[in-house]
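Report on the structure given below.
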Amino acid sequence: MDQTKFNFYDKIVSLEKKVVIVDIGYKYTKFGICGDPQPRCIIPTIIKDTQSGKSKNVFKYDTIEELYNNLVDFFYYLYFKRILLSPKDTKVIIVESLLTPIQVRETLAKVLFCHMQISYLLLVPSHMVALYTLAVSTGLVLDIGYKEACLIPVYEGYPVLHAYQSFPLGGLAVEKNIKRLLMEHYEKEMPSKLKLIENLTEKQLEDIKVRLCFVTTFERAQQILENKVLTPPPSVEYRINGTELLTIPGKVRETAFEVLFDLDADEISLPTMILNSLVECATDMRKSLSESILLIGGTASTLGIKSRMLAELKSLIKMPKYSKKLYVDDFKMHESPSHENYTAWLGGKNIKSRVKYQIGQI
């Protein structure tokens with residue numbers, strides 16, 4: 001084949017519109033192009049307020065008009081400051097939760113079609129496409145995000161919506177717990193540090209959570225509940241604003257994530273969300289789902305969370321309220337093929353090979 005034919009085919013390929021995949025989370029947004037092994041950028045879901053000049057979350061709004069303007073500013077930044085593409089030359093796949101409010105979904109579509117003037121839009125459910133990364137059609141997908149944990153079972157490619165579970169157990173709850181534990185510790189040890197702890201920003205609390213804290217083992221957690229004296233992990237010095245030093249005690253590091261596993265007044269925790277969902281599923285689904293659990297979301301990447309989850313499930317299944325309804329004797333968890341915070345984005349990328357973009361669809 002001569003060089004002119006090569007040039008001809010190159011032009012055809014270059015004219016094909018790029019497929020952009022966007023996974024908009026409350027805390028972070030994953031943005032990339034189909035064919036990339038990972039998102040091109042993972043950025044905070046924030047914009048700069050034109051009136052105050054301060055940053056604010058895109059999903060903090062009072063009216064639909066305010067949400068529309070927030071999304072316009074956010075997508076303008078994504079396209080023209082980060083990815084450097086014209087939206088008119090792209091097709092868009094939005095990875096979203098099945099529980100996204102209709103008003104938010106319609107406003108998002110209006111922004112992309114009317115303002116950004118994209119030609120194609122496909123909205124795909126995050127819990128379902130996350131399973132595409134594993135090449136399985138059945139799984140119990142638990143998305144542990146920033147504001148809440150949302151669980152939806154998927155059986156043979158269909159979501160079991162009547163068995164969904166959603167509770168405010170996520171990264172925000174952990175950060176609040178870290179601040180509370182630090183306040184309790186320094187109130188006894190060094191009251192002069194209380195003001196410093198009160199002024200900790202969201203970014204600093206998140207940094208402490210991600211870099212210094214972990215999920216302890218099931219055995220140690222039980223001993224802590226029984227108030228047994230244990231040798232704590234080593235304390236760590238954390239520098240604030242480059243000047244102040246704050247000691248993060250080992251006990252705080254170890255117990256920060258216990259808020260996700262401690263049963264509240266309604267006996268709700270991350271493990272009971274899984275068991276309660278299985279109870280709502282049909283009997284013949286339970287074994288397949290219990291042996292195909294997938295954790296996604298930023299908080300799901302915490303050190304020790306998967307082994308702790310399995311240990312909690314094996315312990316809680318012995319409770320009469322579950323043992324008399326669930327005849328499940330084993331739980332298995334998938335290893336995500338990517339970092340957990342962009343597993344759903346990766347599934348959205350894989351869906352392109354399953355969908356023919358002949359007609360724009362929502």
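The table below lists the values:
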| quantity | calculated |
| --- | --- |
| Which label in (1) 40, 25, 20; (2) 38, 28, 18; (3) 35, 25, 17 gives the computed semi-axes √(5λ) of the Cα gyration tensor in Å | (2) |
| By average C-beta atoms within 10 angstrom, highest first, the peptides 227-234, 163-170, 96-103 | 163-170, 96-103, 227-234 |
| Debye log10 I(q)/I(0) for segment 131-187, one point scatterer per Cα, at q = 0.15, 0.29 Å⁻¹ | -0.56, -1.04 |
| Among 342-351, 171-180, the order from most to least packed when residues are scored by Cβ within 10 Å on average | 342-351, 171-180 |
| Hull shadow area, averaged, segment 210-267 [alpha-carbon convex hull, nm²] | 5.2 nm² |
| Non-local Lys pairs in segment 39-116, i.e. 8 or more apart or on different chains, that have alpha carbons under 16 Å apart | 5 |
| Expected 222 nm ellipticity per residue - DSSP helices of 4 or more, -39500 (n - 2.57), all of the chain, to 500 | -10500 deg cm²/dmol |
| Per-residue HN-Hα couplings for segment 186-192 [Karplus 6.51, -1.76, 1.60; θ = phi - 60°; Hz; x = Gly/Pro] | 7, 5, 8, 8, 8, x, 5 |
| Whether segment 235-362 is rounded, prolate or oblate, judged on the alpha carbon gyration tensor where a/c under 1.5 counts as rounded | oblate |
| Charge context of Leu303, other residues only, Cβ under 13 angstrom, K/R +1, D/E -1 | +3 |
| Placed amide H near Thr90: partners under 5 Å, 5+ positions off or other chain | Ser119 |
| Rg followed by Dmax, in Å, when segment 171-260 is reduced to its Cα trace | 12.9, 39 |
| Unit charges on C-beta of K, R, D, E only; dipole of segment 171-260, Debye | 60 debye |
| C-alpha long axis of helix 64-77 to longest principal axis of the chain, angle in ° | 70 degrees |
| GNM flexibility winner over the chain from Glu258, Glu244, Glu184 (Cα, springs under 10 Å) | Glu244 |
| Relative contact order computed over segment 135-243 (Cα-Cα under 8 Å; 6+ residues apart), in percent | 16 percent |
| Alpha-carbon centroids, segment 83-114 and segment 248-321: separation in whole Å | 32 Å |
| Computed over segment 91-135, Cα set: Rg, Dmax in Å | 11.9, 36 |
| Charge dipole (the chain, unit charges on Cβ, about Cα centre) - positive-most of Leu313, Ala221, Ile46 | Ile46 |
| Order by protection proxy (mean Cβ within 10 Å, highest first), peptides 53-65, 321-333 | 321-333, 53-65 |
| Unit charges on C-beta of K, R, D, E only; dipole of the chain, Debye | 700 debye |
| Charge dipole (the chain, unit charges on Cβ, about Cα centre) - positive-most of Ser277, Trp345, Asn57 | Trp345 |
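Quick note: the coordinates plus some simple rules give every number you see, no bench work behind them. Treat the numbers as computed from the prediction; the structure is a model and nothing was measured. For neighbour counting, all protein chains shown are included, and Cβ atoms are generated from backbone atoms with ideal geometry for every residue, glycine included.
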